[in-house]
């Protein structure tokens, strides 16, 4: 009787062990996925703006990720305008694929101030005091809202990272403005 | 017999602990990804706020002067500040104004398929006077969220160094 009860208790133990191992492995892989995606995005937010906006000729962006067993280096090859790219990481025998897709979230008007060009540009608003037009007496004081359409592109960056086991893909989205002006 | 029964009880307890621990771990996966998305959303908000300052520095300083002016009309001060901050609102603004931030939030949601949000709580000038020079910083408090996860970023960006006479 006792042996039977012991056997009944041992069966779920085997299942729980395998489940727990599976979950722990998946957790490590998902943590690595998140770390790689963040590292890739951080790197892309710090490279030259032109490498993202127009990677012609192709650009190779090196970066590395710290793991418990030491730093792992890889690179993302970017090409196109705006840039598209891929890279591969191998950590602990697991392959992580990195995909990068840059797009123009807003297209700069580049000095061509037509309604069509400015409609696609990133437009900011700010308040200005109303300008007095005409001869005195001036109009009553008031405030108006002015807008400014940016001449440069404002980029959207999509980083996708998936592991070799075909787990859920992590997609991170970020933005990059041209800060040189 | 008693030993076997005791062993069985120990095993059952162990299995129970392992089972519930595994269930608890499963929940952390989704949270980890949501935390990462929330952090990236907050960074996107900071990028937008810094970029607006970079393209409209004179207007930013004008808003800042007015906000800090002792004699400023409170209604006028609030209006200047609200117009500046409306561009960073990821949600709809009264009056049908579609902010750049809301367009970016929408594009983030489409790209990732996740309910991300972001916004900027404050964007102000911090001036520090040291002996012989004055430093200006742009202090941005931004947040990003994905489902129940929310991340806040407080970033200090050095924007100008002017030498005192």
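The values are calculated or read from the model by the stated rules, or taken from the named source; none is laboratory data. This structure is a prediction, so every number in the text was calculated from the model and none was measured. FYI the Cβ positions are ideal-geometry reconstructions off the backbone, even for glycines, and counts take in every protein chain you see.
Scanning the range B:103-119 for residues that are within 11 Å of chain A (Cβ to nearest Cβ), in contact (Cβ under 8 Å) with a residue 40 or more places away in the chain and not in a helix (DSSP H, G or I) turns up B:114, B:116, B:118. When residue A:63 is tested against (1) closer than 14 Å to residue A:29 by Cα; (2) surrounded by 14 or more Cβ atoms within 10 Å (Cβ to Cβ), only condition (1) is not met. Residue count for the range B:80-102, restricted to those that are part of a helix (DSSP H, G or I) and either at pLDDT 95 or above or surrounded by 17 or more Cβ atoms within 10 Å (Cβ to Cβ) (or both): 9. Screening the range A:1-107 for strands (runs of 3 or more DSSP E) wholly inside it with 3 or more residues that are without any contact (Cβ under 8 Å) to a residue 40 or more places away in the chain returns the ranges A:55-67, A:70-80, A:84-91.
Quick grid of which residues meet (1) crowded, with 21+ Cβ neighbours inside 10 Å; (2) in contact with a helix residue (DSSP H, G or I) (Cβ under 7 Å, 6 or more places away or on another chain); (3) at pLDDT 85 or above:
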residue: A:70; (1), (2), (3): no, no, yes
residue: A:102; (1), (2), (3): yes, yes, yes
residue: A:106; (1), (2), (3): yes, no, yes
residue: A:135; (1), (2), (3): no, no, no
residue: A:138; (1), (2), (3): no, no, no
residue: A:148; (1), (2), (3): no, yes, yes
residue: A:158; (1), (2), (3): no, yes, yes
residue: A:164; (1), (2), (3): no, no, no
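Restricting the search to the range B:74-94, which residues are over 22 Å from residue B:57 (Cα atoms) and in contact with a helix residue (DSSP H, G or I) (Cβ under 9 Å, 6 or more places away or on another chain)? Residues satisfying the conditions are B:90, B:91, B:92, B:93. Can you find a residue in the range A:22-35 that is within 14 Å of another protein chain (Cβ to nearest Cβ), within 13 Å of residue A:102 (Cβ to Cβ) and modelled with pLDDT of 90 or more? No, the range A:22-35 contains no residue that is within 14 Å of another protein chain (Cβ to nearest Cβ), within 13 Å of residue A:102 (Cβ to Cβ) and modelled with pLDDT of 90 or more. Does any residue of the range B:107-123 turn out to be more than 15 Å from the chain's Cα centre (by Cα) and under 15 Å from residue B:50 (Cβ atoms)? No - not one qualifying residue is present in the range B:107-123.
I'm checking my understanding of the structure. Among residues of the range B:54-76 that are closer than 27 Å to residue B:96 by Cβ and more than 10 Å from chain A (Cβ to nearest Cβ), which one is surrounded by the most Cβ atoms within 10 Å (Cβ to Cβ)?
Kept after step one, since they are closer than 27 Å to residue B:96 by Cβ, are these residues of the range B:54-76: B:55-56, B:59-60, B:62-63, B:66-67, B:73-76.
Next cut, more than 10 Å from chain A (Cβ to nearest Cβ) only: B:67, B:74.
Values: B:67: 15, B:74: 7.
Across the range B:54-76, the extreme among qualifying residues is B:67.
Checked against the criteria, residue A:80 counts as surrounded by fewer than 15 Cβ atoms within 10 Å (Cβ to Cβ), more than 10 Å from chain B (Cβ to nearest Cβ), out of contact with any helix residue (DSSP H, G or I) (no Cβ under 6 Å at 6 or more places or on another chain) and over 30 Å from residue B:31 (Cβ atoms).
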